[in-house]
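Structure record follows, encoded as structure tokens.
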Amino acid sequence: MELSIVIPVFNEVETIAALLDEIGGCFGAVTGYEIIVVDDGSIDGTAAVLQAARQSHPQLRILRHRERCGQSAAIASGVKAARTPWIATLDGDGQNDPADILKLYRVMDESPDDVQLVSGYRRQRMDGWVRRVTSRVANAVRAAVLHDHVPDSACGLKVLARATFLDLPQFDHMHRFLPALVQRQGGKVLSVEVNHRKRLTGQSKYGIHNRLWVGLIDTLGVLWLLRRGKLPVVTEVP
């Protein structure tokens, strides 16, 4: 396996150690993978926990933003630093099940070349009512405007090629629109149902303002990008 697991975190001192242990348990004797945790300017002790985790997780690499830049920027930093051709993204709050990484990776490995993204689908959401309602509204608007035919675009669990990600336009909150952006480049997207778990510790970083209203505005920006995207058919002249 040649896979980099990129995990963006901000103030996840209560969750990240357990998540790393869980990844290690899921992957067992698998070799050829690395874990890249990008600390997006945490101020709660996350950095110290990550340093301590190095002893039991030799695959762990730690990147740190000097100041908070957002989840999309953290994911981009991790992908740029990755040493493998394949990327899996995973939220750092423990709600994604690390076992599903292997599930999505196998689907990607067995798919035709035109499939460029395998995205998780959290059919049974285990969030509070505010997150469920805002996500439902944002998903409905996104689907109606962008027509990406993906039921859960913002799921943190995704597998794609590093080269595919680096070829996408980079902007704040772009991680929520990866399926539409991949389709803009001519790639196909598969959605695979994944497990979703309750957040047992820590505090969500998202609410109505930075999930719903910002998401609706971002959707219009992505629509602008889609309408201006060009897919030239290139042939080499003999």
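The values are calculated or read from the model by the stated rules, or taken from the named source; none is laboratory data. These numbers were taken from a predicted model, which means no experiment stands behind them. Every residue, glycine as well, gets a Cβ built from its backbone with ideal geometry; the counts of neighbours run over all protein chains shown.
Of the residues making up region 138-167, those that are under 23 Å from Pro85 (Cβ atoms) and either modelled with pLDDT of 95 or more or of a type outside the set (A, V, I, L, M, F, W, C) (or both) are Gly156, Leu157, Lys158, Val159, Leu160, Ala161, Arg162, Ala163, Thr164, Phe165, Leu166, Asp167.
Are any residues in region 87-107 among the hydrophobic types (A, V, I, L, M, F, W, C) and surrounded by fewer than 21 Cβ atoms within 10 Å (Cβ to Cβ), and if so, which ones?
Taking region 87-107 as the starting set, the residues that turn out to be among the hydrophobic types (A, V, I, L, M, F, W, C) are 87-88, 90, 99, 101-102, 104, 107.
If the condition is that a residue be among the hydrophobic types (A, V, I, L, M, F, W, C) and surrounded by fewer than 21 Cβ atoms within 10 Å (Cβ to Cβ), then Ala99, Leu102, Val107 are the ones that fit.
Apart from one condition, Thr31 fits all of (1) farther than 19 Å from Ile87 by Cα; (2) modelled with pLDDT under 95; the exception is (1). Scanning region 138-162 for residues that are farther than 11 Å from Ala180 by Cα, crowded, with 22+ Cβ neighbours inside 10 Å and charged (D, E, K, R) yields a single hit, Lys158.
Residue-by-condition table, conditions (1) closer than 21 Å to Leu102 by Cβ; (2) among the β-branched types (Val, Ile, Thr):
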| residue | (1), (2) |
| --- | --- |
| Phe27 | yes, no |
| Val38 | no, yes |
| Ser42 | no, no |
| Glu67 | no, no |
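For region 115-133, does any single residue satisfy the condition of being part of a helix (DSSP H, G or I), without any contact (Cβ under 8 Å) to a residue 24 or more places away in the chain and under 24 Å from Leu220 (Cα atoms)? Yes, region 115-133 contains at least one residue that is part of a helix (DSSP H, G or I), without any contact (Cβ under 8 Å) to a residue 24 or more places away in the chain and under 24 Å from Leu220 (Cα atoms). Arg66 fulfils the conditions (1) closer than 18 Å to Asp91 by Cβ; (2) without any contact (Cβ under 8 Å) to a residue 60 or more places away in the chain except for a single criterion, (1). Residues satisfying the criterion are absent from region 213-226 (criterion: modelled with pLDDT of 90 or more and in a loop (DSSP other than H, G, I, E, B)).
Under the condition of being within 22 Å of Asn96 (Cα to Cα), buried (at least 20 other Cβ atoms within 10 Å of the Cβ) and among the basic types (Lys, Arg), the residues counted in region 163-199 number 1.
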